[in-house]
1. Compute the Cα gyration tensor for region 2-188, then decide on rounded, prolate or oblate, letting a ≥ b ≥ c be the square roots of its eigenvalues: rounded whenever a/c is under 1.5, prolate when a/b is larger than b/c in the other cases, and oblate in all that remain.
2. Based on the mean of other beta carbon atoms within 10 Å per residue, what is the order of 91-102, 38-49, most packed first?
3. Test of understanding: ordering Ile152, Ile6 by Cβ neighbours within 10 Å, fewest first, what list do you get?
4. What fraction of the DSSP beta bridges in the chain is antiparallel, stated in percent and rounded to the nearest 5?
5. How do 81-88, 69-76 rank on mean C-beta neighbours within 10 Å, highest first?
6. Could you give the nm distance between label points at Glu172 and Met1, where each point is 7 Å from its Cα heading toward the beta carbon?
7. Which angle between 0 and 90 degrees, to the nearest 10, do you get for helix 179-188 versus the longest principal axis of the chain when only C-alpha atoms count?
8. Would you calculate, for the chain, the mean residue ellipticity at 222 nm contributed by helices, counting each DSSP H stretch of 4 or more residues as -39,500 (n - 2.57) and dividing by all residues, to the nearest 500?
Amino acid sequence: MRIGLISDTHLPSSIREPWPEVARAFRGVDLILHAGDIVVPRILDWLEEIAPVLAALGNDDFGLEDPRVRQFHTLDVEGWTVGLVHDVASGVRFDRPVDIVVGGHTHYERITRRDGAVFVNPGSATSPHQYSTRLGTVGILEIERERLRATILSLGDGPLVGGVALPNPGRELRLEVSREGLSNLKEAAP
């Protein structure tokens, strides 16, 4: 299963929908997980034209009522348990142990392994590293029964301001781990 990961879209009023680079990056995904700070609900509809969407409620999602949005989600995918939350440090607890945690909030892309799980933050597609509105990063999870791959993709540089493309500070990252490797990590966790 291929899952698109996006977070912290914070669409300003000057942008009606996400960059077309997001749609290209998510071509062929089976599901999209939005890790919160959606701000403008129309982004969920736009993403749902690509694939089904689930989203975490972000700290900037005031009054957002949408059946796709919850404080957290836990999903079983190919024998792995995936948890989706906006801010990993918020104290929100999943309803069961998870193998993969998808979160956002920081606008910085990260893939780490700790506490017996893989943590993926896709960064921000529209304001990477808290910079002004520009192309940022998204993520892809490829989950198979015995292996998972987490990838952060840079959407490129742009848009043009005064004829110059705004640089994207985001970095491309990749982690591949086997079920056995994750099990060994869990055994080593305190």
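Values in this text are rule-based calculations from the coordinates and carry no lab data. Source: prediction; values computed, not measured. Reconstructed Cβ throughout: ideal geometry from the backbone, glycine too, with neighbour counts over all protein chains shown.
1. prolate
2. On the way: 91-102: 16.1, 38-49: 17.9.
Highest mean packing first, the order is 38-49, 91-102.
3. On the way: Ile152 22, Ile6 30.
Fewest-to-most ranking of Ile152, Ile6: Ile152, Ile6.
4. Just about 65 percent of them are antiparallel.
5. On the way: 81-88: 22.9, 69-76: 15.9.
Final packing ranking: 81-88, 69-76.
6. With each label placed 7 Å out from Cα toward Cβ, I get 2.6 nm.
7. Between helix and principal axis, roughly 70 degrees.
8. Numbers: 3 runs with 23 residues, N = 190.
Rounded to the nearest 500, the figure is -3000 deg cm²/dmol.
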